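Quick notes on the structure that follows.
The values are calculated or read from the model by the stated rules, or taken from the named source; none is laboratory data. Keep in mind it's a predicted model, so treat the numbers as computed, not measured. We place every Cβ from the backbone using ideal geometry, glycine too, and count neighbours over all the protein chains shown.
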């Protein structure tokens with residue numbers, strides 16, 4: 001949902017961008033935008049049909065996943081994700097000479113509450129395991145840090161547009177607290193699963209780091225560059241500034 005808000009904004013910027021020259025640095029404009037997002041997220045913004053984004057709530061979602069010998073059906077209900085607007089901008093820089101931008105953002109804690117019901121079979125390393133869960137979720141991602149840098153270049157499809165190149169992206173997770181409870185299991189088994197889940201998540205975060213750039217470039221960057229192709233740097237900067245002003249004018253005083 002948060003990504004959609006940003007991408008939708010770029011579409012608006014592309015169609016309604018001001019031709020005026022901006023004297024605001026891109027990094028300053030983006031910081032202003034992110035700070036305004038932090039204030040807006042607990043209230044949403046009705047003028048742009050943006051719902052409340054912190055906490056992010058999903059009442060019910062059913063799923064049916066099949067891949068190879070893995071087949072799982074189930075649902076997630078009363079999902080509540082909080083802490084998405086409680087981030088700290090540790091660094092945000094842009095060099096207008098090299099067109100290189102860099103950022104460093106820290107989420108102190110993101111909490112996930114809710115419940116899931118799943119049933120099926122799970123295949124790992126050639127072994128198939130039956131799965132049956134009825135779990136109350138209480139998970140906390142602690143000290144999630146996202147660090148990256150990228151360069152602006154001319155769009156390949158529009159001579160006046162932008163695209164992102166030479167992307168470098170990493171994320172780090174200090175810890176994950178798992179306090180889930182599967183009603184179908186006893187205390188000792190629940191404790192064991194919590195420990196295994198924690199260690200698995202932390203290991204996967206480390207293992208995936210060498211492929212983060214590749215995954216983002218393959219699955220996200222094409223859509224971003226397609227939207228950026230319709231705007232120049234002045235229009236993009238103006239969009240961040242104008243949107244921040246609109247969100248701040250809503251005077252949201254709700255604490256997430």
- Note on the structure: For helices (runs of 4 or more DSSP H) lying entirely in the range 172-256, having 2 or more residues that are within 30 Å of residue 117 (Cα to Cα) and under 22 Å from the mean Cα position of the chain (by Cα) picks out 187-208, 212-219
- Candidates 34, 53, filtered to the one that is part of a helix (DSSP H, G or I) and surrounded by 13 or more Cβ atoms within 10 Å (Cβ to Cβ): 34
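Return a yes/no flag: does the range 45-62 have any residue that is on the phi > 0 side of the Ramachandran plot and in contact (Cβ under 8 Å) with a residue 24 or more places away in the chain. I'd like the intermediate steps shown before the answer.
Step one: list which residues in the range 45-62 are on the phi > 0 side of the Ramachandran plot, which gives 49.
In the following step, the residues that additionally are in contact (Cβ under 8 Å) with a residue 24 or more places away in the chain were identified as none.
No, every residue in the range 45-62 fails to be on the phi > 0 side of the Ramachandran plot and in contact (Cβ under 8 Å) with a residue 24 or more places away in the chain.
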- Of (1) surrounded by fewer than 15 Cβ atoms within 10 Å (Cβ to Cβ); (2) part of a strand (DSSP E or B); (3) more than 19 Å from the chain's Cα centre (by Cα); (4) in contact (Cβ under 8 Å) with a residue 12 or more places away in the chain, residue 108 satisfies every one except (3)
- Query: Looking at residue 133, is it within 13 Å of residue 182 (Cα to Cα), surrounded by 14 or more Cβ atoms within 10 Å (Cβ to Cβ) and in contact with a strand residue (DSSP E or B) (Cβ under 8 Å, 6 or more places away or on another chain)?
  - Reply: yes
- Query: Does the range 179-201 include one or more residues that are in contact with a helix residue (DSSP H, G or I) (Cβ under 8 Å, 6 or more places away or on another chain), closer than 25 Å to residue 222 by Cβ and surrounded by 12 or more Cβ atoms within 10 Å (Cβ to Cβ)?
  - Reply: no
- Matching residues in the range 136-157 (exposed (fewer than 15 other Cβ atoms within 10 Å of the Cβ) and in contact with a helix residue (DSSP H, G or I) (Cβ under 9 Å, 6 or more places away or on another chain)) number 2
- Task: Evaluate the range 69-91: report whether one residue or more is modelled with pLDDT under 95, touching a strand residue (DSSP E or B) at 6+ places or on another chain (Cβ under 6 Å), outside any strand (DSSP E or B) and loosely packed, with under 15 Cβ neighbours inside 10 Å.
- Result: yes
